[in-house]
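Have a look at the structure below before the remarks.
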Amino acid sequence: MEKVAMITQFHTTKFETPVARHAVSMLGRLERKTLIDTLLVTYPVFDDITAFIEKLHYPVAGGSHGTRMVAGLMGKTRAGKTDIIKHYCNRWPPFHSDDGVVHPVIYLPVTGENTPQSLAEMIYEATGPGTAPKIKVASLMRNAVARIVRARTQLVIIDDAQFFFHERSKNHRRDFFSFLKQLADTEVLNVLLVGEEDIYGYIQANAPLAGRGGFPKMILAPFGENAFDQFRLLLREVDLRLPFAESSGLASKSIARDLFDFTSGAIGQVFNVVRPAAWQALNDDAPRILPHHLYEQAAIRQRPGDTREYFKMEG
């Protein structure tokens, strides 16, 4: 039987009592590191973005899925978009049917190293067994789109889609635009482009794509200065899910302020500091993330010219 691809698993359980904290702190390091690595917190903006994707996928509750539309979910790098997407994809895993495996949602993470050839290979891998044939790129892309249709896909999510356009040769950019247009032209699915805000300009400059639904979009912004209290509430939720015997005090005014200033309120950047600090605490058999763990992890990630000492220890 054809193997169905695994989906990303997230850890969302809170450890709200001393008993729960003690129990999780007694787990092995492998289990606790996995909890740190997969920790996920939902928050109001997270829920808003999820609702945007839901309406793109199924514009009418109880109706048929959406088709013929290209949309955008945009924001600065590490603003937290990818975890939202993966969380949504978890709700639509592949499943077996009498006609084979159905892939309702396909997730394609793009990098600056992707070529049209490697993108097609990624699609082949995402849609089941079979390898991409050695044929001309134009034919290969058509075959890749046909595989997506045969997989009865309803929504294609392309993460870091700015890499289709940033610093690309004329030929590669043409091929990627052609791929997007072919997806839209199938008229059986919708496409969500996720990435930086300049995606908007690229799509608006391409009338066939911009015309597919008028390019509905949503911008995911970091927490603003006037949302510092909400930022602290989010940090408290993160802290409640860390697998330590004690609270790490992430939501305290001093730690939260340093995290806010260091990350500009971008949740993805927060995890760039908190996760390695948690690993370090785990290595040290510490009962929680200690200030020096945050201090050391921030120091090796600090922007050149930034002379501030974040998470400075007193004494």
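The values are calculated or read from the model by the stated rules, or taken from the named source; none is laboratory data. None of the values given here were measured: they were computed from a predicted structure. Cβ placement follows ideal geometry from the backbone for every residue including glycine, while neighbour counts extend to all protein chains displayed. All accessible areas refer to the heavy atoms of the entire protein, side chains included, with ligands and DNA or RNA removed. Shrake-Rupley method; radii C 1.70, N 1.55, O 1.52, S 1.80 Å.
Against the definition (touching a strand residue (DSSP E or B) at 6+ places or on another chain (Cβ under 7 Å) and among the charged types (D, E, K, R)), how does R241 come out, yes or no?
Yes; evaluated as a whole, the condition is true for this residue.
What pairs come out if I take residues in the stretch 246-269 that are among the charged types (D, E, K, R) and pair them with residues that are buried (at least 17 other Cβ atoms within 10 Å of the Cβ) whose C-beta lies under 6 Å away, six or more apart or interchain?
E246/R288; D258/Y310; D258/F311
Sort out for me the helices (runs of 4 or more DSSP H) sitting completely within the stretch 1-89 that have 1 or more residues that are modelled with pLDDT under 90 and either open to solvent by less than 70 Å² (accessible area, probe 1.4 Å) or within 25 Å of F231 (Cα to Cα) (or both).
By residue number, 44-57.
To keep it simple, each residue is scored yes or no on (1) outside any strand (DSSP E or B); (2) farther than 25 Å from D98 by Cα; (3) hydrophobic (A, V, I, L, M, F, W, C).
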| position | (1), (2), (3) |
| --- | --- |
| T153 | yes, no, no |
| Q162 | yes, yes, no |
| H166 | yes, yes, no |
| D175 | yes, yes, no |
| V188 | yes, no, yes |
| L193 | no, yes, yes |
| Y200 | yes, yes, no |
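Output yes when any residue across the stretch 180-189 is farther than 15 Å from L209 by Cβ and of a type outside the set (S, T, Y), and no when none is.
Yes, because at least one residue in the stretch 180-189 is farther than 15 Å from L209 by Cβ and of a type outside the set (S, T, Y).
Would the stretch 139-147 turn up any residue that is open to solvent by 50 Å² or more (accessible area, probe 1.4 Å) and in contact with an Asp or Glu (Cβ under 6 Å, 6 or more places away or on another chain)?
No.
Residue check: is L233 among the aliphatic types (A, V, I, L, M), touching a strand residue (DSSP E or B) at 6+ places or on another chain (Cβ under 7 Å) and at pLDDT below 95?
Spelling it out, it is not the case that L233 is among the aliphatic types (A, V, I, L, M), touching a strand residue (DSSP E or B) at 6+ places or on another chain (Cβ under 7 Å) and at pLDDT below 95.
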